[in-house]
Each structure stands twice: as structure tokens, then as C-alpha cells.
1. Long-range amide H contacts for A:LEU306: which residues qualify at under 5 Å (H placed 1.01 Å from N, peptide plane, sequence gap of 5 or more or a different chain)?
2. 7 Å from Cα along Cα→Cβ at both A:LEU368 and A:HIS140: what's the point-to-point distance in nm?
3. Return the long-range amide H neighbours of A:LEU49 (sequence gap of 5 or more, or a different chain), with a cut-off of under 5 Å between placed amide H atoms.
4. For the residue pair B:ALA26 and A:MET119, what label-to-label distance in nm results when each label sits 7 Å from Cα along the Cα-to-beta-carbon direction?
5. Within chain B, which whole H helices from DSSP have a Cα span along their axis of at least 24 Å and a mean Kyte-Doolittle hydropathy of 0.5 or more, if any?
6. How many angstrom lie between the Cα centre of the range B:126-149 and the Cα centre of the range A:196-259?
7. Select from A:TYR98, A:SER132, A:THR83 the residue farthest towards the positive end of the dipole of the protein assembly as shown; place +1 on Cβ of Lys and Arg, -1 on Cβ of Asp and Glu, and compute about the Cα centre.
8. Just how many % of Cα pairs in the range A:245-360 lie over 24 Å apart, if you round to the nearest whole percent?
Amino acid sequence: MPTVTNSKIQVALIGCSHHTAPVELRERVSFTQQQALNAAAELRRRGILEEAVVLSTCNRSELYGVTVSTGGVVTEAMEGFLTDFHRIPRTELDGKLYRRMGQDAVRHLYRVTAGLDSMMLGEAEILGQVKSAYGQALDHGATGPVLNRVFQGALEVGKRVRAETEVGTRPMSVAFAGVKLAERVFGNLKGHRALIVGAGGVAEQVVEHLRNRGIGNLHVVNRSFERGAELAGRMNAEAIDWGSLERVLSMPDIIVTSVSGTEAVLTRTMLERAIDERKGRPVFVVDLGVPRNVAPEAAALYNLYLYNIDDLGQIVEQNKKAREAEIPRAEAIVSEHLAKFESWRAALEAGSIVDDLRKHFHTQREQLLREHLACGNDLSLEERERMARFSEDLINRVLDQPAERMRTGRGMRGRLGAVEALRHIFGLDEPRDEGQE
Amino acid sequence: MAHPLQWLSLVLYAASFACYARILYAPHQWLGRLGTLLLAGAIAAHYFALLERSRLTHTVPYDDLYGSMSLFAWLLGVTYLGLELLHRQRGVGAVITALLVAWMVGLEIFAPGSGSPRPLASGALFAFHVTLNTWAYAAFALSFVLSLVYLVQDALLRSRRLGAAFWRFPPLDLLEGMARGGVWVGLAALCCGVTIGFVWEHRLSGGFAWADPKVVITLGILGVYAAYLVLSRRSGWRGSRAALVCALNFLVVLFSYTVVNLYMTQFHRFF
């Protein structure tokens, strides 16, 4: 595994997302699972990156890596690699790619994992996708100490943001809002029954959410039995013929209607009778039909909770605002973890800077000795050795204290600042000639 | 002047409330666990405070109004903690701990005195009688709070005005189950407590004080809560109507615990 502890650590990122590129371009630069692994291996093999992870979802393709080169050079090389890999002319990606280095790259990943950069704010899927991309890279040895730290931090950020803020909690679609509201009545849906009236697109989404939330029993009733049976078959539900609708109405705890038609499919009388047969147990009705499928006066029935598409739309709108209001808190978590990463990086850098300084001083010392000894031929061998020993001891003594302070000093931020300052003062950032080393 | 342990328990109840209230605003797993731990700590400190009080006064801790109210708070905390662990639900923790803090503060302000011990009020049977009855009242208080939360949640769901707290409180089904659980605990404790009370009284006087207002109202409480349990399963009653009945029943308990105890009964008076 390559080591990066003896040089300046830089996390690099290039990528494109729904913010910068249209779907036509995003699909051309996306990676399959195998391609992602191959690309990470190739980036390392070519020496562009020392560690690499490729994150590819339907909304973004991003290459993360660790480098010891300077920013512009590495992102240029990564961009070249991306265009070569997908055989896309470079001009097509002009203005569509973003490049980030150091803190900016890490912050970007943290925000992505938190769902703050997603098309739907706070969406949950991205956390799993980042976890999967990192897990595969880790299994194939494409990551190292730095990216391990970065991605583990990112996953922690993702979890914390979802656990501690409202960014990812409240439902953002009409279908999911209906299911979440049903959970507010019944709690865990495992032991409950649902009836889907109609087999339209939105109804299908509701069925999917109900299945994901572990609904115990699912029935589909549709005017066209074949279409209902087809949906039921796909969702592991049971199809019921339209004529039995009234008969089975007392059975479900949740009723979802999505039928086209001008008259209400479920009248107040039908629902009243169903509640009586249920011995007063509550029913949650989601009416997704336009015009409405459930008679509005049924909302007054005791223990019947009726939500139509407008009600759910309003809730989604409220939730959207609530999620947006949580962005500062989520950003605070991102910043907190970014500071932690920087502290860790500072500790790593503090070790490497002393080594770099020692190398730098030794190079200077050897050069100086060569110059002085060349013009001082009258010195004896013993004197020359003493001079060499003296200069060596001087370097060690000068560096002992900074090394100790770097190791034990308080405040990682300050330490990182000191590292950067030392690099700048002694010119350790500048590319050095191979011969000089 | 309250024992330092009593103050410690008050501080821990308040800290527990802070944690529960915080997770209502923003869920946090370890903060929720900390809230539970602090509540457990408060209950432990409160227990030792009651024990210490018994040692100092050489009598049961509920010998006067202060002790009785303190025991009530302790039992309320114990019953809630049990239900929280059983249902793995911290959603109403903030409400219960807020009630506990208010109760404990009220205790220090309004009932700081200690009554003189009555020679007849002693013995194991008497201790069980009073403890079980107080436990029953505490469990009914818990059901009252849960029923109120149910009614508020139900009203929000019907009005479609769903604020942040709506999504944090437990589902209606669970609230109903917890309230019913509290009533079952209360009824069981009250039945045992009343029976033991009759036995103790019979041993003491050879008869039963049926006409004592406290006895009458206690039997009434048994009746209204038993009716609640029946109604809460019946068509047309289960849900918000049953929750309303449960909440109203507690008014009878409050009447019994305050007006009857203080002014109407002869030998159930605390001071």
C-alpha cells in the first residue's frame, strides 16, 4: 500500500453532478461497479493518485483521490484520465466538471453524504451509495489511510445529519407522506393491512413505500382485474376483483385510492359500514384521485383519517421548508467533522514536516561542506570529520525542539498553521530537483 | 428542608427533562439514552431520599403530605421508566419528566412541613396499602398524560396542522396501548391496595369503614377505570373518546387525592 505520510497530503476531487451536467452527459461519464474499481486501480497504477475511490450514482460521477502533487497538476491528470476512460472529447466536459482540492474536496464529500448536495435535499439513498463505493474500493485495496479517514468521516457525517436534524426525516413525496402519516396512527405497519384501489403510477409508489415499511398484508383492487393482478404480482400483493370492493372494505387499516372517474368510489355510507364492521378500529384513507375518489363528508366519520392529494401536497411543502430550515445545522455537523479531519491531517503533517526539514537541512549541509572543503585543502581528515559531525549535531539539536513541539503541541489548527508556515518559509512546497535530493 | 438526596433527584429529573426535550427538537440516540440514564439516576436518588426520610422520622416516608407526594412522584417515575423500556419509546419522556420536575418543585413550595406520626398508622400491611394505592394514582397520572398527548396528536392529525413535535411523539396506537397499560397497572395496584387496606382495617377495628368518603371514592375510581378498559375496546369508543374518558377519570383521582384526602376523610387525612 502506498504511503503518503512523508509528503504533503492533498485530497483531490473531480466530478460532475446534476448541478453541472445534463443527464445525457452524466450517463456517458458514469461508472458501473466494475468500471469504478478498474478506474481506481488504473489511477493508482499510472501514479496519478496514491489512493482512489470512484463514486458513481445516477446524479453524479466523482473521482476522489490522494496525491502528493500540487493541485492543478493532479486535477488536470484526473480530468485527462476521465476523458480517456470514457472516450469523451475533452471539450465536451468544459465547464461541466468541478475540481476541488484539500479541505474543499473533503467538505464536498461530506455534504454529498449528508444529502445536502442531492437533487432532493436530504435523500437517504446517497449514504448507502457512498458506503458501497467506499466499501468496494476498500476491499480491492484502492484506499489508504487518508481516504479511509475521509470516507469514514463522511459516513459518520451522513448518519449524524440524518439522526440529529430534520434534513432527512420528513417525507418529500405525496406517496411517502401518505405512508408516513399512516405510521403516525398505527406505528409499525408490520401487522397491518392495506388496500390499494386503482393501479395508477402514484398508487404504485405508495405500494412500494408500504412494502418498504414492512406492511403485513397488501391487496390491490382495480377496475381492470388484469392490470390490478399485474401490479399485485410485482409487489407480492393479492389482487381482488372490483365487485368485491365493498365486501373487503372492512378489512384494511390503510386504504389508498387512485382511480380515474367523476364520481366518488368510496362513499360515506360504505366507509361508515366498514368502520362498524371493524368494531371502531381506526382507518387511514389516502385519496390520491383527481377528482376525489372518497366522498369528502367521510372525513367527519369517527376514527377515520382522510387525506387527499392537496392535503398531502401541503404537508410535503411544509416538510420541504422544514428540511431547508435544517441546512445550517447540517452544515455545522459537516464543519465539525471537517475540523476533525484537519486535526488528524495536521498530526500526520507534523510528523512529516520535521522529516522534510531534516532532509532539507542535510542537503544544504552537504552542499556547504562540499563548497568549504573544496577550498579548504589545508584541513586534516580529523578536522573534516569533526566539522561534519558538528554540523550534523547542530541540525539535530536545532530540530529536536520543533519536532517535540509538533508532536505534543496543543491545538491542531495551530499546528497545521505552523506546518503550512514552515513549508512556505523553507520552500518545501516548491518542486525540487531529483538531483538536489 | 428537603434532604440533599431529594435535591439531587430534582436536579437529575431536570437534566433528564432537558435531554428528552432536546430529542423532541432534534433526535439524538445517545442523548435519548442519557435521558433514560438520568431518569434512572433520579429515581435511584429519590428512592434513597425517601429511605433516609423514613430513617430520620422513624416512620414510613408517606406519613405526611410531603412524603406522600414525594412517593407519588417516585412511583410515577418508576412506572414511566418501566413503560419506556417496555415499548422502547422516549417520545413522551419530556412531558412526564416535566411533570415530575413541576411536582417536585411544587412539593418543596407547598408541602414542606411534616405531620405528626399517628400511632395506628404503622405495620407492614399499612405500608403495602398506602404504597400500592399511591402507585395506582401514579399509574393513573401517567395514563392521563398519555391520553392528553393522544388527544393533541389526534386533533393535529385531523386538522392537518403537523408541526415538528407531531412527527416526534409516539403513534396513536402506541399512545393508546401505553395509556391502557398504565391503567392496568393502576387498577391492579389499586385492587391489591384496597384489599390490603380492608384486611388491615378489619384487624385493627374488627369492621369496615364503608361510609368513609375516601373508601367510597376509591371504589368509584376502580369503577370508572374498569369502565374505561371496557369502553376502550368497544366500537364507537376506542380512540379519542376513550382517551377523553381516561383523561376525565383522572380528575376523580385528583379530587380523591386532594380534596377528599385533605378535607373529607377521617382516617385517610395526611395532616
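1. A:VAL285
2. Each label point lies 7 Å from its Cα, and together they span 5.0 nm.
3. Sorted by chain and number, the residues that satisfy this are A:ARG44.
4. So the two model labels end up 2.9 nm from each other.
5. Helix filter hits for chain B: B:4-25, B:29-57, B:65-87, B:93-110, B:124-159, B:172-205, B:213-231.
6. So the two Cα centres are separated by 45 Å.
7. Towards the positive end, the residue furthest out is A:SER132.
8. Everything past 24 Å amounts to 54 percent.
Taken together, the values in this text are just the output of simple stated rules run on the coordinates, not laboratory data. These figures come from a predicted structure and were not determined experimentally. FYI the Cβ positions are ideal-geometry reconstructions off the backbone, even for glycines, and counts take in every protein chain you see.
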